Every structure is written in structure tokens, then in C-alpha cells.
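Here the structure comes first, spelled out in C-alpha cells, and everything after it is commentary.
The values are calculated or read from the model by the stated rules, or taken from the named source; none is laboratory data. Model, not experiment: these values are computed from the prediction. Cβ placement follows ideal geometry from the backbone for every residue including glycine, while neighbour counts extend to all protein chains displayed. Just the protein is used for accessible areas: all its heavy atoms, side chains included, with ligands, DNA and RNA removed. Shrake-Rupley method; radii C 1.70, N 1.55, O 1.52, S 1.80 Å.
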Amino acid sequence: MKNRLKVLAQYVIPKQAITALAGKLAHFEGGDKTTAVIKWFVKRYNVNMAEAANPDISSYKTFNDFFTRPLREGARPIAQADFICPVDGAISQFGHIEKDQIFQAKGHHYSTVALLGGDRASAKNYQNGNFACLYLSPKDYHRIHMPCDGKLQKMTYVPGDLFSVNPVTAQGVPGLFARNERVVCEFTSEQHGSFVMVLVGATIVGSMATVWHDKKDSIINPPRRGHIQVWTYTDQNITLKQGAEMGRFLLGSTVVMLFQKDVLQFNAEWQPARAVRLGEMMGVKV
């Protein structure tokens, strides 16, 4: 009952306004006040600052500078594998796409077409393919890396809701990941065909960024547009190696990946709710 009330409350609270305010506060240079907030956050969520390239809490001018901190060199060794985990987080779900249906939680599915903002041509590439949905909690490292080599083809901003993406909400909100705001990044790989990485927004996720975007700080949102926006890169050679950074969340969320049929066999140790780390083996080529 308690979880149900938490989910129902999200339908009525002003999620857009709360998120916009959180984004502004996260960019605010508050001196000692900012340091105090970061110290509280580190203690509250047991953040391991020893893994950060810069472990000095007082040196971060804004909360977002802290939240998107890079890791020290060698903190996440890259496995010798065809596919690696692109983030620190937990497995929400993974497995086969049943025709065009992706499993969200008990009683809930969503379609590849909906996830990709209505792009049926792109969605067709992943019919009966594989997916992985990885949840980043507040304590996690929030930069996103490449699971394999990939050449960027297209990026699509899809407007939407800003429900929380925690496990409780995933069980209670139908089509959660296909109704929230998101950024869809499509790649091709010589070894593995085409694949998609979807950065899903959520309540108080101030913004999402990709390393190739040409706006200030590579941030895609805000502004939060009321329409789909598409950038194509087929005339450019934007190629990212396995393990390279591709984007980041300014406050945490979820990454959904789609792979084509008969390409990926997942790590036998993977299970829903299992904690995962950037660089560990996600799977091998079929």
C-alpha cells in the first residue's frame, strides 16, 4: 500500500517544476553551503570518494561538478569482452525483446517503437533482439560509457514525463521508460551491427549530456522542448571506442540499450537487481 501511494503521488506532484528547480540549485555556486550539501550527500549515500579523480569535496564549485565527477585512472578496469557494462548501477531488467515488446516489470511491457519516439524504421532493427535496462542510484558514478565500439548515426530528443525511475516506480507506472523524457543515441558497429543507447530522464534529473553535442557543456536539456528533435551524424565520423565516455546524467537515472537479433549473449552471472560496475563483462558476441 505504501509503495502504491508513492507511485500515485507522482501523478499529481509538479514534476517539471521540481526538476527545473533542482537543476538550477545543482548549478548554483554556493561556496560553503554547496560544500555542506555535498558532504551530507556523500555521507547519506555512502559515496566512495577514494575512486574519484578529485576526492577533495571542498574543491567542487557546484553540486553538478561533484555529481558528474570523473573517476581516477584505473578505478574501472575494462574487461576483455565483446560487450562491457557501460555504467555503475543495478540491473533493472535484461533479456530478449519479444517481437517489439520489452519487459519492464511484472505486468508491464513497452514497445521499441514507443521507446524510440515513434521511429518505426529504427525500431524494426531490434525486433526479437536483446535489451538491457540499468538503473543508476544517487550513490553511483554518473558518466556513461560505450559497451562496444560504435559510430554515431543519430541522436533524438524525445519529450515526456519525469516520473522517478526507481524499482518501485518501474513496477507501478506502465510504459515508464517509453513515457519519460529521453535522449536516444543510435550507433553502428562493424562487429555488432546497429545498437541504441537511451538516456532516460526522471524527477530532478536536471539534464542529460553527450560528449559530441555542440551546446554549452554538451547539455541537451534544458531547454525542455515540447517536440521531438533529431540530429543526424551520418556525414561525420564520430566514432567512440569501447569504454570511452559517451554521456552523463546531471542527477541520476536509467540507461536502456537495444541490440539486434543474434548478436549478444548476456553474462551468465547477470540477474535482475544485481549491482553492476562500469567495465565488467556484459556479454559476448553470439
Mind listing the long-range amide H neighbours of residue 279? Cut-off is under 5 Å, sequence gap 5 or more, other chains count too, H placed in the peptide plane at 1.01 Å from N. 85, 87
Over region 58-177, what lengths in whole Å, largest first, do the semi-axes of the equivalent ellipsoid take, defined as the square roots of 5 times the eigenvalues of the alpha-carbon gyration tensor? 27, 19, 15
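Report the local net charge at residue 191: Lys and Arg +1, Asp and Glu -1, summed over other residues whose C-beta lies under 14 Å from its C-beta. Write out the running numbers ahead of the final one.
Numbers: positive: 151, 241, 285; negative: 82, 149, 190, 262.
Taking every Cβ under 14 Å from that of residue 191, the sum is -1.
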Computing the accessible area with a 1.4 Å probe over protein heavy atoms, can you report the carbon and sulfur percentage for the chain? 53 percent
Just to check I understand the Karplus step: with θ = phi - 60° and J = 6.51 cos²θ - 1.76 cosθ + 1.60, what whole-Hz values come out for region 101-107, glycine and proline as x? 9, 10, 6, 9, 6, 3, x
Using the C-alpha gyration tensor of region 107-164, what are the square roots of 5 times its eigenvalues, in whole angstrom, with the largest one first? 21, 18, 14
Find me the longest stretch of the chain that has none of the exposed GluC sites (Glu not before Pro), where exposed means in a DSSP loop (not H, G, I, E or B) with at most 14 other Cβ atoms within 10 Å. 74-189
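Which links in 241/261; 154/241; 99/261; 39/139; 241/285 stretch past 19 Å when you go from one Cα to the other?
On the way: 241/261 22 Å; 154/241 17 Å; 99/261 10 Å; 39/139 13 Å; 241/285 17 Å.
In this structure, 241/261 exceed 19 Å between Cα atoms.
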What are the radius of gyration and Dmax of the chain, computed over its Cα atoms and given in Å? 18.1, 53
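If you average 1/r over every pair of different alpha-carbon atoms in region 28-127 and take one over that average, what Kirkwood value in Å do you get?
Numbers: mean 1/r = 0.0578 Å⁻¹.
Evaluated on region 28-127, it is 17.3 Å.
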Percent of alpha carbon pairs in region 24-80 separated by more than 16 Å? 43 percent
Ignoring ligands and nucleic acids, what accessible area does residue 232 show with a 1.4 Å probe (Å², nearest 10)? 90 Å²
Sequence-distant residues sharing a close amide H with residue 246 (under 5 Å, placed H): 144, 145, 146
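Over 21 Å apart: what share of the alpha carbon pairs of region 103-232 falls there, rounded to a whole percent? Each step should come with its number before you reach the end.
Values: 3396 of 8385 pairs.
More than 21 Å apart: 41 percent of the Cα pairs in region 103-232.
Can you pull the Rg over Rh of region 136-212, Cα-only, Kirkwood?
0.99
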If you bin every alpha carbon distance in region 197-286 into 5 Å steps from zero, what whole percent lands in each bin? 3, 9, 16, 23, 20, 14, 11, 5, 0
Given the Cα atoms of region 77-133, and with Rh set as the inverse mean 1/r over their pairs in the Kirkwood sense, what is Rg to Rh to two decimals? 1.03
Note to self: with every protein chain in place and a 1.4 Å probe, region 155-286 gives an accessible area per residue in Å² of 40 Å²
Could you pull out every one of the aspartates and glutamates with an alpha carbon less than 18 Å from that of residue 124, ignoring same-chain neighbours closer than 8 positions? 98, 100, 186, 262
For residue 264, what residues show an amide H to amide H distance below 5 Å, using hydrogens built from the backbone and excluding near sequence neighbours? 286
